[in-house]
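Computed from the coordinates by the stated procedures, all read-outs in this text should not be read as laboratory data. Computed from a prediction, not measured in an experiment: that's the story for all the values here. FYI the Cβ positions are ideal-geometry reconstructions off the backbone, even for glycines, and counts take in every protein chain you see.
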Amino acid sequence: MIRALIVDDELHAREELAALLRDVGGCEIVAACANAVEAIKLINRQRPDVLFLDVQMPVLGGFELLGMIDQEIMPHVVFVTAFDEYALKAFEEKTLDYLLKPVERGRLEKTFDKLQGLLNRGEPPFYAAPPIVRIPCGGGSRVKLINPREVEHVRSDLSGVHIVLPQGECYTELTLRVLEERTALVRCHRQYLVNADHIDEIHLLEHGLAEIRTRAGHLLPVSRRYLKSLKDSFGF
Amino acid sequence: MKLIFALLQQMSVFLVIAYLFTKSPAFRPLTGETLRVRHKVLLYFVFSAFSILGTYFGLPVQDAIANTRAIGAVLAGLIGGPLLGTAVGLTGGLHRYTLGGFTAFSCGVSTTVEGLVGGLAHLYLLRKGKSEQVFSPALALGITFLAEAMQMLIILLLSRPFASALALVEVIALPMMLANAAGAALFISIMRDQKSMYDKVGAIFSGKALKIAERTLGILVQGFNQKTAEAMARIIHDETGVGAVGITDREKILAFIGAGADHHCPGTPISAEITRRAIRENRVFYADGVREHFTCPLSATCPLDSVLLVPLHVDNEVVGTIMLFEPKHKLFLNLNKTLGEGIANLLSAQLLRSRYEMQKSLLVQSELKLIRAQVNPHFLFNALNTIIAILRKDADRARELLLHLSNFFRKNLKRSCDLATLEEELDHVNSYLKIEKARFEDRLQVETAVDPTLLPLKIPIFTLQPLIENAIKHGVSGLLGQGVVRLSARQAGDEVVIDVEDNAGAFREEAGRDGLGMAMVDKRIKNLCGNRYGLTVTCAPQELTRVTVTLPAEGVAP
């Protein structure tokens, strides 16, 4: 069974696609959600094989969402759109396939065959993703978009990933690895990323450890493993 | 006493000459509002002549001359300013000086001073903004009286021996002061009468021109064709009283009213070579019926003899002619010639306006087409997708939505006129909203509050739809939470105010397609209702965007 996630901001569009997928068979719909932020959360938890993704959604569009998914768990992506003459070409290049709403069953079956082939060959999907320019924070109907340059550091703990700004912090569904790869934030500890522009000083400790003090006065641990690369990034 | 009568007698001769002057073309420049340098030179010669004549007509008294020389100098100053006054005074004075006598020098000086006094009075009136009083006889009387008194003083001061001067002044002072003052007053009153007669003729002329302008206004806006040309020709014929009036386009006669209308038939090609030449060479032709005659190419018995033929232009291109005719026994009045050329200008201006109006309405038509073409493909396909989904669960609701979709498109395509009632607009928008509501379900809430008495109000078509579409496309659809669109219409004083609000507060000034849609709505309202009406946008980011449509309370006149 192929595990599918449907992301579309319109209830009826989600339901219609789910109904069609059931008709075609061979597929389990693990979840359906209405926006990109929820989608990130669900992808991280459910690890679907395929993502049926609407292009136009509030706050974060489908393309932007792609850049926020961890490459390790990247599902195959099928874009679904009502009409977008300019983007159609981009779909063909970047994604497995695209579907036009209203979706025809026959067309969906073809997409499915293609997908089955890819999954059988075990080829991991790769989509060239642009750097992240806004980090979605919070959830529900209140999502804040934060410019990575304003972020002081990022901390992950058991409760999740926290974006820390000089004036407060908030929660994000993005993983540390995605943020490390797609933003200018640098790793200083297994659980920390730091914005080099916000570092006030690096205090070297015993046993090859160190401590970062940020301009806002926060203290961040630096592990032995990342100290060298951190030093390198500062050129000493 | 004898001297007074003698001088008054002399002055009468002077006034006859003055009267003749006002009838001559040399007087023309004085009827205008401002004097050009050219006119001032002319006036210098005229008034200098008067001044010198005043000396010639003078009576010898005790080795001096009792005279009316001052009139020319003072009036020149009064009418033409200090420079002209001094120049005339100096000329008159120099002339007097050459005649000799013991007062020769003092008289020469005093005449110059008199011209200057007149000029200063002119300046004073100009500063006070009372330049029209230059032609007041009472003022001329006073100023000349004063100037003559000064002359007497100057004679006493400068002439030697003093005893002779005093004796002379005793004899001539009163007669000369009285005669010159009276002469200047009468002279100026003659000029004033003549001037007001010119003004009156001018007023009659302007009156006629304005009446023609008023009556013809708007006729040509309906186009330049036989029907409008005939209406124009009839009005011009009525108002000017000329023998006949003809209007042509580049090829044929469009209208002909008056004598000779029996054989100059509208719709027939232009036959007179003179008309074809006027069109070809783009110039005015005038046959006065005395030196040059109009020869009718159609009929030997045609009564028309003189003609004024003026081309009509639009943007420097000749589009036709207008012709004024007089029959053989009647003189072509100069007044009508000027009027005819004026009318041609007027018609040209109206033709230009009518072309502009036509282009403007074409523009509106094409803009409406554009708005229709703007129907967003996203909307259509999303609507169809929604209906297909609903069809699985609720066929009745799907049917209802399809009917709304069909109503929306029919309204979009069908309406060809510029105006619709508010009710029709709301119906159109309602179908649109029903579909969007189905698409977004709980995420979209629509609130309407329309004063039912406003439903029959005529408003420009496609006023509401683009605004509602923007509120959804750029407002509500970008929200993760609940979106609200509010539509309200109410009367406020002599205005009707329609608000379209959303709770997204995502308005940005855009030059793109949607900005264009709003700009078009605004422009069409301003075109139809005037600049105080139209759209205003208020935006509180993340909270609210409100587009307010202001229209006149009586709606738009069809």
* **Proximal lysines to B:Lys23, defined as alpha-carbon separation beneath 29 angstrom and excluding residues fewer than eight positions away on the same chain** => B:Lys40, B:Lys130, B:Lys195, B:Lys200, B:Lys208, B:Lys330, B:Lys337
* Hey, which aspartates and glutamates would be in cross-link range of B:Lys526, C-alpha to C-alpha under 18 Å, not counting anything within fewer than 8 residues on its own chain? -> B:Glu357, B:Glu367, B:Asp418, B:Asp494, B:Glu495, B:Asp499, B:Glu554
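Give the calculated FRET efficiency between A:Ser141 and B:Glu357 to the nearest 0.05, with a Förster radius of 35 Å applied to their Cβ-Cβ distance. Don't skip to the end; give the middle numbers.
Working: r = 52 Å, r/R0 = 1.49.
The pair A:Ser141/B:Glu357 has a calculated efficiency of 0.10.
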* So how tilted is helix B:137-158 from the main axis of chain B? Cα-based, degrees 0 to 90, rounded to 10. -> 40
* Alpha-carbon centroid distance for the pair the stretch B:212-288 / the stretch A:135-149, whole angstrom -> 76
* Using only the Cα atoms of chain A, build the gyration tensor, take square roots of its eigenvalues as a ≥ b ≥ c, and label the shape rounded, prolate or oblate: rounded if a/c is under 1.5, else prolate if a/b is larger than b/c, else oblate. => prolate
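Partner chain Cβ atoms within 10 Å, averaged over the residues of A:75-82 - can you pull that number for me?
The mean count of partner-chain Cβ atoms within 10 Å per residue comes to 2.
Using the count of nearby Cβ atoms within 10 Å as a rough guide to exposure, how do B:Tyr432, A:Tyr192 rank from fewest to most? Don't skip to the answer; put the middle values down first.
Working: B:Tyr432 24, A:Tyr192 21.
By the 10 Å Cβ count, ascending: A:Tyr192, B:Tyr432.
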* Asked: Could you give the Stokes-Einstein D for the protein assembly as shown in µm² per second, using the C-alpha Kirkwood radius, 20 °C, 1.002 mPa s?
  -> 59
* Take every Cα-Cα distance within the stretch B:87-186, group them into 10 Å bins from 0 onward, and report for each bin the whole-number percent of pairs it holds. => 17, 43, 30, 9, 1
* Asked: Among the Cys residues of chain B, which have no other cysteine Cβ under 4.7 angstrom away?
  -> B:Cys107, B:Cys265, B:Cys417, B:Cys529, B:Cys539
* Relative contact order of the stretch B:33-175: what whole-number percent is it, with Cα pairs under 8 angstrom and at least 6 residues apart? -> 22
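How high is the relative contact order of the stretch A:134-215, given as a whole-number percent (alpha carbon pairs under 8 Å, six or more residues apart)?
22
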* Spatially proximal aspartates and glutamates relative to B:Lys393 (Cα-Cα < 20 Å; intrachain offsets below 8 disregarded) -> A:Asp8, A:Asp9, A:Glu10, A:Glu15, A:Glu16, A:Asp23, A:Glu104, B:Glu436, B:Glu441, B:Asp442
* Asked: If each Cα of the stretch B:148-292 is one equal point scatterer, what is log10 of I(q)/I(0) from the Debye formula at q = 0.11, 0.16, 0.17, 0.21 Å⁻¹?
  -> -0.62, -1.00, -1.05, -1.27
* Helix B:2-23: angle to the longest alpha-carbon principal axis of chain B, degrees 0 to 90, nearest 10? -> 40
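How well do other chains shield peptide A:132-142, expressed as the mean number of their Cβ atoms within 10 Å of each residue Cβ?
Working: counts 0, 0, 0, 0, 0, 0, 1, 1, 2, 5, 2.
Taking all residues of A:132-142 together, the mean is 1.
Please give the direction-averaged projected area of the C-alpha convex hull for chain B, in square nanometres with one decimal.
Seen from a random direction, the Cα hull of chain B projects 40.7 nm² on average.
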* To the nearest 10 degrees, how steeply does helix B:69-80 sit against the main Cα axis of chain B, on a 0 to 90 scale? -> 10
* **the stretch A:1-78 shape via C-alpha gyration tensor axes, a/c threshold 1.5** => oblate
* Looking at chain A, how many pairs of lysines come closer than 29 Å at the Cα, when each pair is eight or more places apart or spans two chains? -> 14
* For the stretch B:51-76 and the stretch B:139-175, distance of Cα centres in Å -> 13
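Counting other beta carbons within 10 Å of each residue's own, what order do A:Tyr226, B:Tyr19 fall into, fewest first? Write out the running numbers ahead of the final one.
Values: A:Tyr226 20, B:Tyr19 16.
The order, fewest Cβ neighbours first, is B:Tyr19, A:Tyr226.
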* Structure fact -> Taking A:Asp197, B:Asp396 and counting other beta carbon atoms within 10 angstrom, the fewest-first order is B:Asp396, A:Asp197
* Asked: With each pseudo-label sitting 7 Å past Cα toward Cβ, what's the B:Asn527-B:Ala540 distance in nm, one decimal?
  -> 3.6
* To do: Can you tell me the relative contact order of chain B? Whole percent, Cα pairs under 8 Å, sequence separation 6 or more.
  => 7
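Among rounded, prolate and oblate, which fits the stretch B:243-300 when a ≥ b ≥ c are the square roots of the eigenvalues of its C-alpha gyration tensor, a/c under 1.5 means rounded, and a/b larger than b/c means prolate?
Details: a/c = 1.69, a/b = 1.08, b/c = 1.57.
Oblate, because a/c is 1.5 or more while a/b does not exceed b/c.
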